[in-house]
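Engineer: The following block contains the structure, expressed as structure tokens.
The values are calculated or read from the model by the stated rules, or taken from the named source; none is laboratory data. No experiment lies behind these values; they were computed from the predicted model shown. Because the Cβ atoms are built from the backbone with ideal geometry, glycine has one as well, and the counts that use them run over all protein chains shown. For the accessible areas, the whole protein counts, side chains as well, though only heavy atoms, and no ligand, DNA or RNA atoms are used. Shrake-Rupley method; radii C 1.70, N 1.55, O 1.52, S 1.80 Å.
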Amino acid sequence: MLLSPAESKSGPPRGYVEPTPIPTPTMITMSRPADWKEIRLPPPKGSEQIMPKDVSAPTVRLAIPAQWQYTLMPGLYLVTPGPEASPPVLTLGPSLPFADQNETIPQNIQGFVQALERVYQRTHGIADARGRRLLVGGQEGVAIFSPGSEVCVDIFVPLAGRYDVAYKFTFMRSFCDTNQDALTETGQLILQSIKFEH
């Protein structure tokens, strides 16, 4: 018996249903601009209590995947990939990185790197903590990766030309690549989108 052209095509058997793909549990990597939105985060309420009187926290603009949300907490923002109850993947806000630390306040960016390394070695138990200098929103900052912890990387951007106060971005483990020493594409896109407004 001859088959019609439609019947002779190769393909799945009649009644076959394509399986539903397993969703990515923590991160959805999207690199198309249409899948992203820009958010503008003024200085978080409560941050004025920790900031020196002569330094004002900037407003931060950054891009995140369109379905993600942010929540204002006292002194910082939480960014989550789902409802408010889901764990944050990114936190950001003003920071005093050397408060309650036995550290002399650094006077330049290289001293800032070394002081942060000592703090992370001493208080976070990261024996091989190494700071990497990088540009964030056109300003020089320092990244400290934390292999094996819940945090992928903490990024500190000094404010007002000082090294005792900074804006801190904490990217959680889901942003780390497999070697835990670099950001995923999603993390890099967020980092590259950061801008400061003073």
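Engineer: Just a yes or no: is a residue in segment 143-160 over 25 Å from P87 (Cβ atoms) and either crowded, with 20+ Cβ neighbours inside 10 Å or without any contact (Cβ under 8 Å) to a residue 60 or more places away in the chain (or both)?
Structural biologist: yes
Engineer: Further question on the same structure: What number of residues in segment 37-55 are among the β-branched types (V, I, T), under 30 Å from A66 (Cα atoms) and at pLDDT below 95?
Structural biologist: Qualifying residue count for the region: 0.
Engineer: Further question on the same structure: Given the conditions (1) open to solvent by less than 10 Å² (accessible area, probe 1.4 Å); (2) more than 21 Å from the chain's Cα centre (by Cα); (3) of a type in the set (V, I, T), report the number of the one that T104 does not fulfil.
Structural biologist: (1)
Engineer: Within segment 167-198, track down each residue that is closer than 27 Å to A99 by Cβ and charged (D, E, K, R).
Structural biologist: Those that are closer than 27 Å to A99 by Cβ and charged (D, E, K, R): K168, R173, K195, E197.
Engineer: In addition: Looking only at segment 133-142, how many residues end up being of a type outside the set (A, V, I, L, M, F, W, C) and crowded, with 18+ Cβ neighbours inside 10 Å?
Structural biologist: Matching residues across segment 133-142 total 2.
Engineer: So F175 ticks every box in (1) farther than 20 Å from P106 by Cβ; (2) open to solvent by 10 Å² or more (accessible area, probe 1.4 Å) but one. Which box is left unticked?
Structural biologist: (2)
Engineer: Ok, one more. Exactly one condition in (1) in contact with a Leu (Cβ under 8 Å, 6 or more places away or on another chain); (2) under 20 Å from E185 (Cα atoms) is false for G137; which is it?
Structural biologist: With respect to (1) in contact with a Leu (Cβ under 8 Å, 6 or more places away or on another chain); (2) under 20 Å from E185 (Cα atoms), G137 is out only on (1).
Engineer: Any chance you could count how many residues in segment 120-132 are open to solvent by 100 Å² or more (accessible area, probe 1.4 Å) and of a type outside the set (D, E)?
Structural biologist: Total satisfying the criteria: 4.
Engineer: Would you mind stating whether Q114 is over 21 Å from the mean Cα position of the chain (by Cα) and either among the β-branched types (V, I, T) or closer than 14 Å to P97 by Cβ (or both)?
Structural biologist: Judged against the criteria, Q114 is a match.
Engineer: For segment 51-65, state whether one or more residues are assigned to a strand (DSSP E or B) and open to solvent by 30 Å² or more (accessible area, probe 1.4 Å).
Structural biologist: Yes, there is a match, as at least one residue in segment 51-65 is assigned to a strand (DSSP E or B) and open to solvent by 30 Å² or more (accessible area, probe 1.4 Å).
Engineer: If you don't mind, another one. So which residues in segment 75-101 are under 18 Å from A166 (Cβ atoms) and open to solvent by 30 Å² or more (accessible area, probe 1.4 Å), if there are any at all?
Structural biologist: L76, L96, A99, D100, Q101
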